[in-house]
1. Out of all the residues in the range 84-93, is one or more open to solvent by 40 Å² or more (accessible area, probe 1.4 Å) and modelled with pLDDT of 85 or more?
2. Please pick out the residue among TYR122, TYR102 that is loosely packed, with under 13 Cβ neighbours inside 10 Å and under 22 Å from TYR150 (Cβ atoms).
3. Residue under question is SER166, and the condition is that it be under 22 Å from the mean Cα position of the chain (by Cα), at pLDDT 90 or above and more than 19 Å from THR48 (Cβ to Cβ); does it hold?
4. Between a first residue in the range 124-143 that is closer than 21 Å to LYS171 by Cβ and a second residue that is surrounded by 12 or more Cβ atoms within 10 Å (Cβ to Cβ) and among the aromatic types (Phe, Trp, Tyr), which pairs have beta carbons less than 9 Å apart while being 6 or more apart in sequence or on different chains?
5. In the range 173-189, what count of residues is obtained for those that are among the charged types (D, E, K, R) and under 22 Å from the mean Cα position of the chain (by Cα)?
6. Residue by residue through the range 90-121, note down the ones that are among the hydroxyl-bearing types (Ser, Thr, Tyr) and touching a residue at least 24 places away in the same chain (Cβ under 8 Å).
Amino acid sequence: MKNQFLFIIYSIAFTLNACSQKLTKTEALKIIKANNITQNCYCEINVTTRSTWKSYEEDVKVIKALEREGIITSSSYKDRLSQLDRTGHTVVKIHPLERATYEYGFEKRPMGFGGEKAKVLYSTASISQVLGISLSNNDKEAKVLIEIRYDLSPFAGLVGRKSFPSQCHQKQIEEKEITLIKYDTGWRIRK
């Protein structure tokens, strides 16, 4: 009987001690990373580039780099824009390999203005660090300031400035505030 009583007392003391612990940066980072709150950035690219476009030379450099990395293959051919224009223009077309599909989400889109398009990963978001923690007066709620880093994919060089579909394309580092609530079982993100 005495042993059971001591076991109950130790259990209560251990639980109260665990509940009174402050939230550390390491623990906050672990909780936030486990909840996968970041979102990668996607964009739309042209599958072809023409020698008449201003971006042609830069596009070809990016395409050659993608080929060296084993992400795509490309083909080039001469094309006439109209019957009045007798000079040929060079067109370079991208052909995705399996790696482009699985690692970078390369997905062809329906033909539109400017030729064939594809949706592809622009940047990968990852939580790099906890910048600070602000605990409430009763230590039951914490506001955690985190830093999110956006690492560009190899396809990012094919995106024109006018093609940005969202704000995430203009960021390399972002700060975000997350609220954590302390339960008797531990800290959790407020939904």
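The values are calculated or read from the model by the stated rules, or taken from the named source; none is laboratory data. Please read these numbers as outputs of a predicted model, since none were measured by experiment. Here the Cβ is made from the backbone with ideal geometry for all residues, glycine too, and neighbour counts use every protein chain on show. Heavy atoms of the whole protein, side chains included, go into the accessibility calculation; ligands, DNA and RNA do not. Shrake-Rupley method; radii C 1.70, N 1.55, O 1.52, S 1.80 Å.
1. If we filter the range 84-93 for residues that are open to solvent by 40 Å² or more (accessible area, probe 1.4 Å), which is where we start, we get 84-88, 93.
Okay, now just the ones that are also modelled with pLDDT of 85 or more, so 93.
Scanning the range 84-93 turns up at least one residue that is open to solvent by 40 Å² or more (accessible area, probe 1.4 Å) and modelled with pLDDT of 85 or more.
2. Values: TYR122 fails: loosely packed, with under 13 Cβ neighbours inside 10 Å.
Result: TYR102 is the single residue among TYR122, TYR102 that is loosely packed, with under 13 Cβ neighbours inside 10 Å and under 22 Å from TYR150 (Cβ atoms).
3. Here the answer is no, as SER166 does not meet what is asked.
4. Pairs found: THR124/TYR150; ALA125/TYR150; SER126/TYR150.
5. 4
6. THR90, TYR104
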